[in-house]
Amino acid sequence: MASVGALLLLFALYYYSQELDSRFYPRSARSFLALAHYLVGDYAKAARLYRLDLAVGFRGHAPEWWVTFLAGDLPRAEQLVRRELARTPNDPEVLLSLAEIALADRRLPEALELAGKVLERRRDDYDALFVTALAHARAGAPGEAIAAMNRALRYNRTESRESVFLATLELTGELHGDPAASPCLLAHLHRYLRIFDPSHARIAERYAHAAIARGDHADDAYVTLGVIFAKTGRRRAALDAFRSGAAVNPRNVHALRGAARHHSERGEIADEYRFLKQSAEAAPDDPLVVNDYHGFLTGKLGDYPQALALERAAIARDPSDSEAWWRLGTVHSYLGDHDAALLAHRRASGLAPTNLTFQDSIAQELVLLGRLDDAQATYEQSIRAHAGRPIPRAGLATVYAKQERWKDARREYEIAYALGGADLEMLVNLCQVYQALLDNERAFNCLSTVLTRDPDNVRARVLLEHAGAALKAQR
């Protein structure tokens with residue numbers, strides 16, 4: 001009878017695990033036991049078992065410090081990492097490793113300081129934000145922990161280190177047994193775990209409702225409800241939750257941006273504008289928030305004077321804000337003042353020389369100013385810095401096309417397309433290059449592909465007529 005029960009448990013584990021992320025899958029007897037603990041809600045024990053399983057499984061295949069850290073030998077792991085830090089004192093990955101060790105060793109101020117150094121070098125680094133959140137949570141500061149988690153969770157990505165995931169899972173399990181734990185913090189922890197296991201959605205929802213009833217960071221609890229409702233297909237309820245969060249705290253940018261996004265999906269442009277404007281006023285120094293508002297003003301509303309005022313105000317507050325200079329350049333470009341746009345983009349690139357997007361913008365303005373040789377040199381420099389980016393390839397192809405170097409243009413457009421540059425305008429440009437090379441059949445097929453994706457593309461329709469006529473005459 002016991003063997004039958006064990007077999008049934010195996011089947012239950014197997015079928016349940018089909019909805020789980022692969023990180024939960026058993027790879028050994030220990031990880032199978034970890035999954036069993038996880039499925040009965042013993043997250044802390046599950047995390048510790050998974051950690052030990054990774055230490056064994058990755059021995060010889062991962063950095064020694066990480067395996068040692070997972071095995072629980074923190075002094076030895078720290079010794080190895082500090083040896084690496086002596087060689088590369090400003091490496092964010094090494095600093096993050098030390099932050100993880102300090103967090104595991106409950107040296108919370110040190111963990112926060114190290115994670116802060118990572119964030120100075122890599123703004124909104126997901127792992128560093130989660131280390132920050134976990135350190136604040138363990139230090140009894142749930143508000144700061146929630147703020148760090150919200151900042152990370154607004155991105156469409158997750159942590160890159162499985163050890164950070166396991167530390168989060170372990171903390172969640174420990175807080176379950178603490179009657180003084182913040183239900184809003186627990187709602188956010190389960191909102192994160194939902195990414196890997198959909199069953200956490202209802203747990204996050206339950207804790208969010210408890211937080212609202214208790215008045216525990218109710219605005220942030222409404223944000224979690226909004227996210228959970230949106231992920232589970234309850235769009236109207238999601239909008240109501242985000243709006244409720246904004247009503248509780250009119251400066252909660254996560255609630256404001258959530259409401260704006262849902263109004264956008266409903267085509268309610270006036271409400272979208274109101275919430276985006278309010279979010280930019282609440283967080284004028286947050287590039288992600290300001291970029292959203294800037295994109296709305298220039299891309300949807302066409303209000304370039306307001307966008308210009310927005311960027312000038314940002315630069316007045318912080319003349320070293322490279323992204324504000326870049327945004328200012330884009331507004332000048334929209335307004336046709338390409339000399340001013342070039343100056344602003346060069347200022348942005350001077351402040352952040354490793355940001356290749358700024359370099360691409362300089363090249364684009366040079367094209368618009370007719371300085372094709374300078375544009376070509378700038379695009380080539382960008383390609384040398386990172387050959388896997390499609391944008392400078394497409395830009396270089398544009399330069400060649402303007403010089404009627406059709407074969408060179410075709411080569412660069414095709415490389416850009418192969419690298420993932422699926423922008424429709426670029427694809428139409430490639431189709432037109434085929435026409436210039438009298439490759440009418442390829443041009444016709446290329447334009448047909450464009451019109452399949454965008455049947456209302458006027459330029460592609462006109463070009464298709466010419467390609468069709470040329471192809472017919474050729475045949």
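The values are calculated or read from the model by the stated rules, or taken from the named source; none is laboratory data. Fair warning: this is a prediction, and the values are worked out from it, not measured in the lab. Note that each Cβ is placed from the backbone with ideal geometry, even for glycine, and that neighbours are counted across all protein chains shown. Surface areas here come from the heavy atoms of the whole protein model, side chains and all, with no ligands, DNA or RNA. Shrake-Rupley method; radii C 1.70, N 1.55, O 1.52, S 1.80 Å.
Were the residues from Ala86 through Arg106 laid out at 0.36 nm apart, the gain over their Cα-Cα distance would be 4.9 nm.
At what distance in angstrom do the alpha carbon centres of the range 119-158 and the range 294-342 lie from each other? Result: 30 Å between the Cα centres. By how many degrees, 0 to 90 and rounded to 10, does the Cα axis of helix 183-193 deviate from the longest principal axis of the chain? Between the helix axis and the principal axis of the chain, the angle is about 60 degrees.
In whole Å, how far is the Cα centre of the range 37-56 from that of the range 171-223? Taking the Cα centre of each part, the range 37-56 and the range 171-223 sit 20 Å apart. Summing Cβ point charges (Lys, Arg +1; Asp, Glu -1) relative to the Cα centre of the range 100-185 gives a dipole of roughly 300 debye. By the helix-only formula, in which each DSSP H run with n ≥ 4 contributes -39500 (n - 2.57) and the sum is divided by residues, the chain has a 222 nm mean residue ellipticity of -24000 deg cm²/dmol. Measuring r between the beta carbons of Leu33 and Glu64 and using R0 = 30 Å, the FRET efficiency lands at 0.70. Each of Ala180 and Leu451 was given a label point 7 Å from its Cα along the Cα-to-Cβ line. The distance between the two points is 7.1 nm.
Farthest toward the positive end of the dipole of the range 382-475, out of Gln435, His386, Val462, is the Cα of His386, where the dipole comes from beta carbon charges about the Cα centre. With a/c under 1.5 counting as rounded, go ahead and sort the chain into rounded, prolate or oblate using the C-alpha gyration tensor (a ≥ b ≥ c being the square roots of the eigenvalues; past the cut-off, prolate if a/b is larger than b/c, else oblate). It comes out prolate by the Cα gyration axes. Each Lys and Arg Cβ is given +1 and each Asp and Glu Cβ -1; about its Cα centre, the range 345-446 then shows a dipole of about 240 debye.
Taking each residue as 0.36 nm, the span from Asp303 to Asp21 lengthens on full extension beyond its C-alpha to C-alpha distance by 97.1 nm. Taken over the Cα atoms of the range 63-171, the convex hull encloses 91 Å³ per residue.
Taking the charge dipole of the range 337-472 about its Cα centre, with +1 at Lys and Arg Cβ atoms and -1 at Asp and Glu Cβ atoms, the residue from Leu372, Thr354, Tyr417 reaching farthest to the positive side is Tyr417. Shape class of the range 311-437 from the Cα gyration tensor (axes a ≥ b ≥ c, square roots of the eigenvalues): prolate, since a/c reaches 1.5 or more and a/b is larger than b/c.
The HN-Hα couplings worked out from phi for the range 288-303 by the Karplus form 6.51 cos²θ - 1.76 cosθ + 1.60 (θ = phi - 60°) are 5, 5, 5, 4, 4, 5, 4, x, 5, 4, 8, x, 10, 8, x, 9 Hz, whole numbers, x standing for Gly and Pro.
Measuring with a 1.4 angstrom probe and ignoring ligands and nucleic acids, Phe358 comes out at about 10 Å² accessible. So for the range 212-338, taking the charge dipole from beta-carbon charges (+1 Lys/Arg, -1 Asp/Glu), which of Leu335, His294, Ser244 sits furthest toward the positive end? It is Ser244, whose Cα lies furthest towards the positive end.
3J(HN,Hα) couplings calculated from phi for the range 349-362 with the Karplus curve 6.51 cos²θ - 1.76 cosθ + 1.60 (θ = phi - 60°) are, in sequence order, 5, x, 7, 9, x, 8, 7, 6, 4, 5, 5, 4, 5, 4 Hz; Gly and Pro show x.
Taking a cut-off of 17 Å, what percent of all Cα-Cα pairs in the range 213-317 are separated by more than that? Pairs farther apart than 17 Å: 52 percent.
By the Cβ-Cβ criterion of under 4.7 Å, the unpaired cysteines of the chain are Cys184.
Restricting the GluC sites (Glu not before Pro) of the range 325-413 to loop positions (DSSP other than H, G, I, E, B) with no more than 11 neighbouring Cβ atoms within 10 Å leaves Glu404. Extension gain for Glu465-Ala270 works out to 66.2 nm (0.36 nm per residue, less the C-alpha to C-alpha distance).
Asp271 sits with roughly 50 Å² accessible to a 1.4 Å probe, with DNA, RNA and ligands left out of the calculation. Computed about the Cα centre, the dipole magnitude for the chain is approximately 780 debye when only Lys and Arg (+1) and Asp and Glu (-1) carry charge, each at its Cβ.
For the range 420-475 versus the range 64-94, the spacing of their alpha-carbon centroids is 55 Å.
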